[in-house]
1. Quick one: how many residues across region 48-96 are within 18 Å of the chain's Cα centre (by Cα) and either within 17 Å of residue 37 (Cα to Cα) or of a type in the set (Gly, Ala, Ser) (or both)?
2. Looking only at region 68-92, how many residues end up being over 30 Å from residue 296 (Cβ atoms), in contact with a strand residue (DSSP E or B) (Cβ under 6 Å, 6 or more places away or on another chain) and modelled with pLDDT under 85?
3. In region 279-295, is there at least one residue being under 30 Å from residue 250 (Cα atoms), at pLDDT below 90, of a type in the set (A, V, I, L, M) and touching a Gly at 6+ places or on another chain (Cβ under 9 Å)?
4. Kindly establish whether residue 252 is at pLDDT 90 or above, surrounded by fewer than 14 Cβ atoms within 10 Å (Cβ to Cβ) and either in the same structural domain as residue 307 (by TED's automatic domain parsing) or out of contact with any helix residue (DSSP H, G or I) (no Cβ under 7 Å at 6 or more places or on another chain) (or both).
5. Out of all the residues in region 306-315, is one or more buried (at least 16 other Cβ atoms within 10 Å of the Cβ) and more than 28 Å from the chain's Cα centre (by Cα)?
6. Among the residues of region 18-25, is any at pLDDT 75 or above, in contact with a Cys (Cβ under 9 Å, 6 or more places away or on another chain) and among the acidic types (Asp, Glu)?
7. Could you say which residue among 195, 191 is farther than 15 Å from residue 272 by Cα, assigned by TED's automatic domain parsing to the domain that holds residue 289 and surrounded by fewer than 19 Cβ atoms within 10 Å (Cβ to Cβ)?
8. Report every pair of residues separated by at least 6 positions or lying on different chains whose Cβ atoms are under 7 Å apart, first residue within region 37-58 and over 16 Å from residue 98 (Cα atoms), second polar (S, T, N, Q).
Amino acid sequence: MRALSVAFTLGAALGGAPGARAAELFLAQPSPCAIGEELSFRAERALGRPLAAAADVRCTIRMARAAGAFTARLELARGDGPAQLRSFSAPSCEALTDTLALAVVLALGGGTEASSASASAPAAPGAALPTGPTAAEVASVRGAPVPEEALASDARDAAPLGSGESSARAAGAPTWTIRGALAADAGSLPGVGLGAQLGASVAWSELELRALGSYFPSRQASVESLAGAPIGAELGLAAGSLLLCAPELVRAASLAFGACGGAELGALSGEGSGLSEPHARQSPWAAALGQLSARWGMGQGGLALEALLGAAVPLVRDEFSVVDEGNLRVLHRPAPVAVRASVGVGISLD
């Protein structure tokens, strides 16, 4: 993806002699982290001077969200020389912003902690640019102690992007996920029914579009006939839903909480039992859906445990009834609000 300087451009031309150039910092869009001017502020604070007074280095950043973490690719180019690539990951936008700020500072020649020579003299054209910062360097710029887990992650995060990694992920492309779950429903059918759900989703930045298929096998609804024998029907539900989600409203390390809203269409089916002339019947099912979600990322393989708790509000509530010696007997009518819950797994395909 080409960096969009209109969306987020930091840095300016030096105020000195004509033709002099300053550092440039670009953030490609779309970006999962709305870091705005915060990145330039932190970089200038650590550098000890404005970006406009720094060395002529072009820094282009592409960010993405994957496998329960935030990743960034930093391209460093000086003049017409070839670009160098560095990759980073962090559990939050805040932590990734700190890491990127220090990486930019090192690329521009060091900050307030650097020697006066490296801070004032730009590197010669073609010189090697600094590599990514360690957790200790990030904490040094922030004035904070170094977390042990951050030190442990430095070895994983310092390697440059290889040819085997997807360029779409580095450029912030959509993330595809497939999921399956065991579900429970109370209110759509008689009693509490267990069923299965299969679906897929595509996520852009902070939003996710989910398509989900649900099947709840038939459950028995019965009444005692006037003759004293039980009569009833087997009722089941099959439906498909489409939801728009904000899957990471709250994040704590690898655990994320979100919310979804959408609609469901399908059919309630019933077949009579205990009748002299049983027959089958189908009724349309339409409902509005609302859900709360929790997702726990399990390492870097894209596998996660997922849990959903929500409600389905039927827009159609047809009755299922039988005729008993000329009398109409109601077997089942969906509740005004049905409660849904599911537990399953999701696998990201990026």
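1. 15
2. Total meeting the criteria: 4.
3. No, there is no match, as no residue in region 279-295 is under 30 Å from residue 250 (Cα atoms), at pLDDT below 90, of a type in the set (A, V, I, L, M) and touching a Gly at 6+ places or on another chain (Cβ under 9 Å).
4. No; evaluated as a whole, the condition is false for this residue.
5. yes
6. Step one: list which residues in region 18-25 are at pLDDT 75 or above, which gives 24-25.
Narrowing the set further to residues that are in contact with a Cys (Cβ under 9 Å, 6 or more places away or on another chain) leaves 24-25.
Subsequent filtering for residues that are among the acidic types (Asp, Glu) retains 24.
Yes, there is a match, as at least one residue in region 18-25 is at pLDDT 75 or above, in contact with a Cys (Cβ under 9 Å, 6 or more places away or on another chain) and among the acidic types (Asp, Glu).
7. The unique qualifying residue is 191.
8. 51/40
The values are calculated or read from the model by the stated rules, or taken from the named source; none is laboratory data. As the structure is a prediction and not an experimental result, all values here were calculated from the model. Cβ atoms come from the backbone with ideal geometry, glycine included; neighbour counts cover every protein chain shown.
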